[in-house]
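Read through the structure below, which is laid out as structure tokens, and then see the notes.
The values are calculated or read from the model by the stated rules, or taken from the named source; none is laboratory data. All values derive from a computational prediction rather than experimental measurement. Every residue, glycine as well, gets a Cβ built from its backbone with ideal geometry; the counts of neighbours run over all protein chains shown.
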Amino acid sequence: MTVSLSPVAADPTASQIALHTRKGWQAQLRLHYCDRGDKTVLKHREQKGPLTVQQALYPEGDICHSYLLHPPGGVAGGDTLDIRVDIAAGAKALVTTPGATKFYRSEGRFARQLQHLSVEEGGRLEWLPQENIFFPGAHAQLNTAVHLAKGAQFVGWELHCFGRPALKECFSSGKLIGKTEVYIEGRRVIREGLNFTGGDKVLINIGMQGFPMMGTLYLSEMGQDFYQLVQGLLSDIQSELGGDKLIVAATQVEGLIVVRALGHWSEDILHCFIRVWQQARRQMTGIVPSPPRIWAT
């Protein structure tokens with residue numbers, strides 16, 4: 001089923017989405033991390049509207065952990081979440097969220113989630129948010145841009161759940177559009193688009209293979225040996241869980257390793273991505289990290 005939007009066409013322009021979001025919540029957050037010598041610090045924070053960050057935590061010593069908070073608990077039609085994270089040379093930060101971001105049903109009005117992530121030479125960003133959940137009837141634009149300098153390290157993922165599987169509720173109506181772009185030394189190396197009309201049976205049955213959830217993990221490249229290690233790890237994980245629960249594979253794309261997964265439950269994809277992240281950190285530092293405690297609450 002194709003849902004027609006009012007008062008705009010099925011694929012609205014940027015100006016039309018800007019009109020939709022003119023009167024909703026305008027939430028902005030700017031975070032700038034610097035290397036102080038003994039540890040990374042959140043040097044500058046600027047926020048507007050209902051979007052903030054908890055006090056910096058240091059469960060691993062010198063790495064700064066930050067938890068993004070959106071007090072309303074969900075995103076309605078007309079709302080904007082605009083997040084910018086900048087990692088200075090040598091700084092190392094892990095940014096996550098305490099729970100899923102929920103995009104609620106709207107009457108054809110779009111919400112926006114804009115994310116701009118940049119990492120300077122020698123810096124490292126681990127961008128590990130929990131999943132986006134799109135309720136039936138949600139309309140959203142999600143744009144993410146990642147800019148990596150030469151020698152920057154990045155591990156980041158995005159998880160999308162279409163509908164609420166626990167309630168046997170699919171994404172039967174609504175519209176999701178957007179893109180994720182990664183730039184290395186100013187050159188775009190990947191651009192992936194999102195264009196999902198609620199109830200699109202071709203996309204659901206063939207593109208998604210009947211799974212309600214998808215995830216993508218991006219890793220700055222760490223050599224052919226590590227790529228082979230990731231492939232072996234993914235093969236083991238899929239054998240453990242079974243192809244009826246999780247489909248996952250990795251590819252190399254011009255300085256990146258990209259892991260793509262389809263699943264029925266966020267826990268299965270997160271379990272997979274966490275193990276890849278842990279191996280990536282081990283490759284970078286020789287130490288396997290523990291998952292942030294906030295995920296267990």
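Report, ordered by the first and then the second residue, all pairs with beta carbons closer than 6 Å, sequence separation of six or more or different chains, a first member in the range 16-38 that is without any contact (Cβ under 8 Å) to a residue 60 or more places away in the chain, and a second member that is of a type in the set (Lys, Arg) and assigned to a strand (DSSP E or B).
As it stands, the answer is GLN28/LYS48; ARG30/ARG84; HIS32/LYS43; CYS34/LYS43, since those pairs meet every condition given.
I need a count of the residues in the range 140-199 that are within 20 Å of the chain's Cα centre (by Cα), surrounded by fewer than 16 Cβ atoms within 10 Å (Cβ to Cβ) and of a type in the set (Lys, Arg).
Qualifying residue count for the region: 3.
Can you tell me which residue among GLY77, GLY73, GLY108 is at negative phi, at pLDDT below 95 and either part of a loop (DSSP other than H, G, I, E, B) or not small (Gly, Ala, Ser) (or both)?
GLY77
Please enumerate the residues belonging to the range 60-96 that are more than 16 Å from LEU31 (Cα to Cα) and either among the hydrophobic types (A, V, I, L, M, F, W, C) or out of contact with any strand residue (DSSP E or B) (no Cβ under 6 Å at 6 or more places or on another chain) (or both).
Scanning the range 60-96 gives GLU60, GLY61, ASP62, PRO71, PRO72, GLY73, VAL75, ALA76, GLY78.
Can you tell me which residue among LEU233, LEU256, LEU262 is at pLDDT 95 or above, out of contact with any Asp or Glu (no Cβ under 9 Å at 6 or more places or on another chain) and within 21 Å of PRO129 (Cα to Cα)?
So the residue among LEU233, LEU256, LEU262 that is at pLDDT 95 or above, out of contact with any Asp or Glu (no Cβ under 9 Å at 6 or more places or on another chain) and within 21 Å of PRO129 (Cα to Cα) is LEU262.
Tell me whether the range 90-104 contains one or more residues that are among the aliphatic types (A, V, I, L, M), at pLDDT 95 or above, assigned to a loop (DSSP other than H, G, I, E, B) and over 21 Å from GLN130 (Cβ atoms).
Checked the range 90-104: at least one residue is among the aliphatic types (A, V, I, L, M), at pLDDT 95 or above, assigned to a loop (DSSP other than H, G, I, E, B) and over 21 Å from GLN130 (Cβ atoms).
Does the range 252-297 hold any residues that are charged (D, E, K, R) and more than 30 Å from ARG164 (Cα to Cα), and which are they?
Matches in the range 252-297: GLU254, ARG281, ARG282.
For residues that are assigned to a loop (DSSP other than H, G, I, E, B) and not hydrophobic (A, V, I, L, M, F, W, C), scanning just the range 146-196, find the one that is nearest to ASN132 (Cα to Cα).
GLY174
Okay, residues lined up against (1) buried (at least 17 other Cβ atoms within 10 Å of the Cβ); (2) touching a strand residue (DSSP E or B) at 6+ places or on another chain (Cβ under 8 Å); (3) on the phi > 0 side of the Ramachandran plot:
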| residue | (1), (2), (3) |
| --- | --- |
| ASP225 | no, no, no |
| ASP236 | no, no, no |
| GLY243 | no, no, no |
| LEU246 | yes, yes, no |
| ALA249 | no, yes, no |
| GLN252 | no, yes, no |
| ILE269 | yes, yes, no |
